[in-house]
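> One structure, as structure tokens, below. Some questions next.
The values are calculated or read from the model by the stated rules, or taken from the named source; none is laboratory data. Worth saying up front: this structure is predicted, and the values here are computed from it rather than measured. As a convention, Cβ positions derive from the backbone with ideal geometry for all residues, glycine included, and neighbour counts pool all protein chains shown.
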Amino acid sequence: MSLFWRDIKLAMRSGGGALLGVLFFLAVIAVVPFAVGPDLNFLQRIGPAMLWIGALLSTLLGLDRLFQAERDDGSLDIMLMQETPFILTVFIKCVAHWVATGLPLVLATPLLGLLMNMDLLSIGAVSVTLLVGSPAITFIGAVGAAVAVTLPRGGLLVSILILPLAIPVLIFGVSAAYAAVEEPAPFLPPFLILCAITMFFAVIGPLAAAAAIRASTD
Amino acid sequence: MRIFAQNLSVKRGEELIFTDVSFELSPTESLTISGPNGVGKSTLLRALAGLLPIDSGTFEIKTDSKEAKPNAEYCHYIGHKNAMKAELTVLENLNFWQRTMAQEDTVDDDLIMSPEAAVELLGLSHTLDLPFGFLSQGQRRRIALAKLFVSHRPVWLLDEPTAALDKASSDNFANITNSYLEKGGIVIAATHVPLGFKEVKQLEMTPPPLNEDIY
């Protein structure tokens, strides 16, 4: 789809929605060892949780511009008038946004895991859970971005609106990541619930976002 | 194809912007909407484009085809904003809109131009590979107008199409629009300056009478 490639191109060209998120992720993870001290075992234990929190916050960073940029230059009006169902347009924008900003976070995770003194298995577990879980955050975020599209400074509001909804993703993502390393807990159940959450929001998110934008055209 | 608008009124919030706007258009006809600032010209065009809810009255686009489409899908809308990304080149922008606005049932391929041809028509061939953000206001406006040609819609809704255009470019645009009208197009434009379209119907909008009960 042309919309997908256009959004990827825009993210790369405007000097980096993509890079900004990764840099923020790096900043968050890099300061943790300084804050909690040089206890390697402790770092290893909190590693998965910190990586998830860092990734969650980085994902929130660029979300508010998802629709606002389109609205500011009038493109949103034209998109609303097309044959293509607007829900599909929103869905494609979300996927493009995730590929441009979420995927780099997942790719950076192994590197940042080293900073947290994590072993290979647990780095792998966090990367896989992030790969599966971060699209859900983008889809939830699209709803927040759509609601705040008319507000001039909606950025923080978007984060606050969607954080409660993103909590389940965080809970199951982190518990699946821990389950992979710690013996008694099974890995699959929380991981499959995480997959289910992502698929659920892949449907509900664009639906709600499209409805919110249609209601706010003014 | 015929267009009927009867007793349209549109509210924004609780405020009634205009009432009782009626007109009727058939192919080759154009309508220019004039009136003082703030009288609701842009609001009317946005309402016709389906971007604002119509409070009362009816707006219909009647066609011969059996399948009814939403009104918005018959229309091109050029608003105040140019709907172009400053970071992308002119060609990339227009290619994107051409693909996005393509409709399955467009029968006549002659009505659609390539982005290159559309830009040439407006005399800006040399800007094709420049980022849109590098262009001057007038050039940006002309590129925005090029959107009209890269896909076909029978009805054009134009909100001050020639704002920021120099004399030669607005004359050029008037010529292009007239040849489009001859082919059976319909144009509805809000404007403060005479646009030089043929077959012009006028719609003079006036502010609604103040309702003194409110105060």
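> Got a number for residues in the range B:29-68 being out of contact with any strand residue (DSSP E or B) (no Cβ under 7 Å at 6 or more places or on another chain) and under 18 Å from B:T162 (Cα atoms)?
So the count comes out to 3.
> Look at B:H80 and say whether it is within 18 Å of the chain's Cα centre (by Cα), under 30 Å from B:R140 (Cα atoms), surrounded by fewer than 17 Cβ atoms within 10 Å (Cβ to Cβ) and within 14 Å of chain A (Cβ to nearest Cβ). It would help to see each step written out before you state the result.
Values: within 18 Å of the chain's Cα centre (by Cα): yes; under 30 Å from B:R140 (Cα atoms): yes; surrounded by fewer than 17 Cβ atoms within 10 Å (Cβ to Cβ): yes; within 14 Å of chain A (Cβ to nearest Cβ): yes.
Answer is yes for this residue.
> Please find, among B:A47, B:A72, the residue that is free of Cβ contacts under 8 Å to residues at least 40 places away in the same chain, of a type outside the set (D, E, K, R), within 9 Å of chain A (Cβ to nearest Cβ) and under 23 Å from A:T89 (Cα atoms).
On the way: B:A47 fails: within 9 Å of chain A (Cβ to nearest Cβ).
Matching residue, one of B:A47, B:A72: B:A72.
> So for the range A:62-74 (the condition being away from chain B (no Cβ under 14 Å), closer than 21 Å to A:A166 by Cβ and surrounded by fewer than 19 Cβ atoms within 10 Å (Cβ to Cβ)), does at least one residue qualify?
No, that holds for no residue.
> Is there a residue in the range A:71-91 that is within 17 Å of the chain's Cα centre (by Cα) and touching a residue at least 12 places away in the same chain (Cβ under 8 Å)?
First, the residues of the range A:71-91 that are within 17 Å of the chain's Cα centre (by Cα): A:90-91.
Then keep just the ones that are touching a residue at least 12 places away in the same chain (Cβ under 8 Å); that gives A:90-91.
Yes, that holds for at least one residue.
> Give the range B:132-145 a look and list any residue that's part of a helix (DSSP H, G or I) and surrounded by fewer than 19 Cβ atoms within 10 Å (Cβ to Cβ), or say none. Reasoning before the result, please.
Our first condition is that a residue be part of a helix (DSSP H, G or I); within the range B:132-145, this holds for B:132-134, B:137-145.
Passing the criteria: B:G133, B:F134, B:Q137, B:G138.
> Suppose we filter the range B:88-103 for residues that are surrounded by fewer than 17 Cβ atoms within 10 Å (Cβ to Cβ) and at the interface with chain A (Cβ under 7 Å from one of its Cβ atoms); how many remain?
So the answer is 2.
> Still on this structure, I have one more. Kindly evaluate A:A176 against the criterion of being part of a helix (DSSP H, G or I) and closer than 27 Å to B:G50 by Cα. Steps first, answer last, please.
On the way: part of a helix (DSSP H, G or I): yes; closer than 27 Å to B:G50 by Cα: no.
Answer is no for this residue.
> Shifting gears a bit: For residues that are among the hydroxyl-bearing types (S, T, Y) and closer than 18 Å to B:L181 by Cα, tally how many sit in the range B:1-53. Walk me through how you get there before you give the answer.
Within the range B:1-53, the subset among the hydroxyl-bearing types (S, T, Y) is B:9, B:19, B:22, B:26, B:28, B:30, B:32, B:34, B:42-43.
The next check asks that each one be closer than 18 Å to B:L181 by Cα; those that pass are B:26, B:28, B:30, B:32.
Of the residues in that region, 4 qualify.
> From (1) more than 30 Å from B:K11 (Cβ to Cβ); (2) among the hydroxyl-bearing types (S, T, Y); (3) out of contact with any Lys or Arg (no Cβ under 8 Å at 6 or more places or on another chain), pick out the condition that doesn't hold for B:T206.
Evaluating B:T206 over (1) more than 30 Å from B:K11 (Cβ to Cβ); (2) among the hydroxyl-bearing types (S, T, Y); (3) out of contact with any Lys or Arg (no Cβ under 8 Å at 6 or more places or on another chain) leaves (1) as the failure.
> In this structure, does A:S58 turn out to be within 30 Å of A:R214 (Cα to Cα), within 11 Å of another protein chain (Cβ to nearest Cβ) and of a type in the set (S, T, Y)?
Working: within 30 Å of A:R214 (Cα to Cα): yes; within 11 Å of another protein chain (Cβ to nearest Cβ): no; of a type in the set (S, T, Y): yes.
No: the conditions fail for A:S58.
> Filter the range A:8-40 for residues that are farther than 20 Å from A:L131 by Cα and either within 14 Å of another protein chain (Cβ to nearest Cβ) or touching a residue at least 60 places away in the same chain (Cβ under 8 Å) (or both) and give the result.
Across the range A:8-40, the qualifying residues are A:K9, A:L10, A:M12, A:R13, A:S14, A:G15, A:G16, A:A30, A:V32, A:P33, A:L40.
> Can you work out which of the residues in the range B:1-20 that are at pLDDT below 85 and more than 14 Å from chain A (Cβ to nearest Cβ) is surrounded by the most Cβ atoms within 10 Å (Cβ to Cβ)?
Residues of the range B:1-20 that are at pLDDT below 85, as a first pass: B:1, B:11-20.
So of that shortlist, the ones also more than 14 Å from chain A (Cβ to nearest Cβ) come out as B:1, B:16, B:18-20.
Details: B:M1: 16, B:L16: 15, B:F18: 21, B:T19: 16, B:D20: 11.
Ranking the candidates gives B:F18 first.
> Could you please find all residues in the range B:146-179 being farther than 21 Å from B:H80 by Cβ and buried (at least 22 other Cβ atoms within 10 Å of the Cβ)?
Result: no residue meets the conditions.
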